[in-house]
Amino acid sequence: MEARIGAFLATQIAGARDVRVTALRRIPGGASRETWSFDAAWEGDAGPRQQGYILRRDPDAGLLESDRGAEYAVYRALEGSSIPAPRAYWLELDGRWLDRPFFVMERIDHCFAAPAALMAPAMHRIHDEVGRQKMAILGAIHQLDWRRLDLSALGTAPEPAQCAATELEKWRSVVHKEELEPQPVLELALAWLGTHLPPPPRAVALVHGDYRTGNFLFDRHGTIRGVLDWEMAHFGDPLEDLAWASIKQWQYARDGKVGGLLTRREAIRLYRAASGIEVEPAAFHWWELLGNVKMAAIDLTGARSFVEGRTREVLMAIVGRMLPSLEVEIIHLLRSGPQAGEVRD
Amino acid sequence: MALRPAPDEIIRGVQHSLAAQIVPALPAPYAAAQAGYASHVLSALLALSDGAAQQLVDDNAALRALLAHAATLVDGCAAGLAAAGRQAAAEQDADVRLSTLAPANDRLRALVSRFVPLAVAPDAPAGLLTLLLDALETSAQRRLVGAL
């Protein structure tokens with residue numbers, strides 16, 4: 001595979017000769033695509049060069065079916081913006097290079113992404129700072145003037161009043177397509193969501209779609225160096241991201257803290273300050289409930305891939321067996337109602 | 001016990017080997033993660049190994065009780081659904097093979113799903129939503145054994 005990647009790079013890097021790829025290794029994370037790290041060295045017009053890269057290749061099957069072209073387009077569009085993100089270099093749809101489509105982007109070294117790394121006792125000292133930056137960056141994403149960016153790959157933005165219904169139908173469709181057995185709890189949640197649509201946002205925003213601890217790179221000093229995994233990015237209600245970041249699934253410390261970092265009250269305060277967006281409790285509750293349904297839909301997709309033998313990723317066996325805990329949380333949210341949305345820590 | 005080691009003893013041994021010996025020795029992060037996930041899956045299967053059939057027997061019985069109760073609540077507005085609920089509630093599992101219990105569980109859960117639109121309608125029968133939430137929460141809690 002090193003030689004094939006080297007051959008590809010030789011066609012992409014202007015003036016590159018004698019391209020050598022080393023230290024190729026698959027790394028965990030980004031479960032919807034294979035993620036590979038490698039070093040490349042070559043002779044250029046100005047002498048020897050080397051750089052570390054990340055390659056994201058389409059899987060045989062994965063946690064969700066997403067458009068790698070859209071993800072690549074977001075990375076490109078964010079270049080030069082205030083949002084920290086790796087620079088994306090090349091998108092290749094032709095399978096002749098690596099059998100399946102892929103894109104290549106900058107590798108940001110000396111950083112971590114895994115939640116387990118952030119939850120390690122030695123990292124507790126940076127939790128407040130990472131949490132503050134996480135909310136500040138989310139606010140900045142939602143403040144982006146996306147109409148001035150080249151994000152046509154994401155399609156047409158919905159009207160504010162359509163954001164919730166659009167996402168609800170998207171995930172209803174995934175549930176019904178991927179479920180392997182009847183899901184009465186998800187049906188109950190979908191029906192409730194359909195009859196309690198939230199008020200529309202003041203403005204449509206670029207929504208990351210998977211903004212959470214685990215999808216950003218941070219260093220030992222607590223600086224977030226890059227926001228990753230934009231494969232579910234779309235235009236929509238910014239509260240969708242805030243609520244998704246807050247769901248129980250990502251409360252890694254099992255202490256109710258958003259992403260294992262901040263109390264819910266503090267996370268919302270910081271987000272409000274960064275974005276200027278008010279967090280209406282009923283809307284937040286609606287998006288949190290949808291977030292849990294979305295998580296279930298993603299898990300169902302992985303489970304079906306595993307059961308049908310389209311993937312042998314062990315993670316896909318795990319996600320399908322996470323449904324009961326999601327059901328418990330969904331029922332809790334259905335019982336607690338909108339008033340719990342803002343203040344539940 | 002007809003043959004030792006029993007399935008749960010085998011799973012426990014393999015899971016321990018994976019977690020204690022293989023994962024720490026794997027230098028490649030991706031391989032280590034895969035082996036770690038496999039260990040995690042085995043620990044869940046171990047929890048379920050002795051109780052999988054009983055879990056479905058209990059769940060099917062609870063779902064039948066739910067359907068019997070729900071049928072009484074919707075009799076006035078959905079007689080056909082009420083009749084289907086009563087009929088399903090009167091059935092029994094033919095045996096305790098997983099291949100018998102699991103399809104029955106699917107049928108019962110599919111029928112429960114048909115009560116959902118009535119439960120969230122503006123003119124929902126009194127108590128139906130609470131009945132569904134209570135029963136489905138108990139079912140989810142029951143299925144947490146062997147879940148992850």
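Coordinate-derived values only; no laboratory data. As the structure is a prediction and not an experimental result, all values here were calculated from the model. We place every Cβ from the backbone using ideal geometry, glycine too, and count neighbours over all the protein chains shown.
Report D for the protein assembly as shown in µm² per second (integer): Stokes-Einstein, Kirkwood Rh on Cα pairs, 20 °C, 1.002 mPa s.
On the way: Rh = 24.6 Å.
Diffusion coefficient, whole number: 87 µm²/s.
Hey, which of these cross-link pairs are over 26 Å Cα-Cα: A:257/A:294; A:177/A:257; A:134/A:248?
Listed pairs above 26 Å: A:177/A:257.
Using amide H atoms built 1.01 Å from N in the peptide plane, name the residues 5+ places from residue A:90, or on other chains, whose amide H lies under 5 Å from its own.
It is A:104, by chain and number.
So, how do all the Cα-to-Cα distances of the range A:155-224 break down into 5 Å bins, in percent, from 0 on up?
In order of increasing distance, the bins hold 3, 12, 17, 16, 16, 15, 10, 7, 4, 0 percent.
Could I have the simple spin-label model distance between residue B:75 and residue A:312, label points 7 Å from Cα toward Cβ, reported in nm to one decimal?
5.7
At q = 0.20 Å⁻¹, what base-10 log of I(q)/I(0) does the Debye formula yield for the range A:59-190 when every alpha carbon is treated as an equal point scatterer in vacuo?
-1.29
Nothing charged except the Cβ atoms of Lys and Arg (+1) and of Asp and Glu (-1): what's the magnitude of the dipole of the protein assembly as shown about its Cα centre? Round to the nearest 20 debye.
Rounded to the nearest 20 debye, it is 760 debye.
How big, on average over all directions, is the shadow cast by the Cα convex hull of chain B, in nm²?
Numbers: hull surface 47.4 nm².
In nm², the orientation-averaged hull projection of chain B is 11.8.
Estimate the FRET efficiency between residue A:23 and residue A:100 by the formula 1/(1 + (r/R0)^6), using the beta-carbon distance for r and 30 Å for R0, to the nearest 0.05.
E(calc), rounded to 0.05, equals 0.90.
I need the phi-derived Karplus couplings for the range A:252-259: 6.51 cos²θ - 1.76 cosθ + 1.60, θ = phi - 60°, integer Hz, Gly and Pro marked x.
Computed from phi, the couplings for the range A:252-259 are 4, 7, 6, 10, x, 6, 4, x Hz.
Using a 10 Å cut-off around each Cβ of peptide B:23-34, what is the average number of partner chain Cβ atoms that fall inside?
3
So what does the Cα-only Debye profile of the range A:76-140 read at q = 0.18, 0.19, 0.25 Å⁻¹, as log10 I(q)/I(0), no solvent term?
-0.87, -0.92, -1.11
Based on alpha-carbon centroids, what's the gap between the range B:77-127 and the range A:107-145 in Å, whole number please?
That distance is 46 Å.
Quick one: if you take sqrt(5λ) for each eigenvalue of the C-alpha gyration tensor of the range A:2-106, what semi-axes come out, biggest first, whole angstrom?
23, 17, 12
On a 0 to 90° scale, report how tilted helix A:184-195 is relative to the longest principal axis of chain A, with both axes built from alpha carbons and the result rounded to the nearest 10.
80
Per residue of B:119-129, count partner chain C-beta atoms within 10 Å of its C-beta, then hand back the mean as an integer. Provide the component values of the computation, followed by the final result.
On the way: counts 4, 11, 2, 1, 0, 0, 0, 0, 0, 0, 4.
Per-residue shielding by partner chains comes out at 2.
When the chain is fully extended, how far beyond the present Cα-Cα distance does residue A:272 get from residue A:51, taking 0.36 nm per residue of separation? List each step's numbers first, then the result.
On the way: separation 221, 0.36 × 221 = 79.56 nm, distance 3.85 nm.
Extra length available between residue A:272 and residue A:51 comes to 75.7 nm.
Can you list the trypsin sites (Lys or Arg not before Pro) in the range A:236-345 that are in a DSSP coil and have 16 or fewer other beta carbons within 10 angstrom?
Numbers: sites: A:248, A:254, A:257, A:264, A:265, A:269, A:272, A:294, A:304, A:310, A:312, A:321, A:335, A:344; in loops: A:254, A:257, A:310, A:312, A:321, A:344.
Here the trypsin sites (Lys or Arg not before Pro) that fit, given the DSSP loop and packing criteria, are A:254, A:310, A:312.
How far is it, in nm, from the label point at residue A:282 to the one at residue A:161 when both lie 7 Å from their Cα along the line to the Cβ?
So the two model labels end up 1.6 nm from each other.
Using alpha carbons only, how many degrees (0 to 90, rounded to 10) separate the axis of helix A:323-336 from the longest principal axis of chain A?
40
Could you give me the percent of Cα pairs per 10 Å distance bin for the range A:167-312, shortest bin first, beginning at zero and ending with the bin that holds the maximum distance?
10, 37, 36, 14, 2
If each of residue B:124 and residue A:152 carries a label point 7 Å out from its Cα toward its Cβ, how far apart are those two points in nm?
Taking the two extended label points, one gets 4.6 nm.
So for the range B:61-148, what percent of the C-alpha to C-alpha distances run longer than 23 Å?
When all Cα pairs of the range B:61-148 are counted, 23 percent exceed 23 Å.
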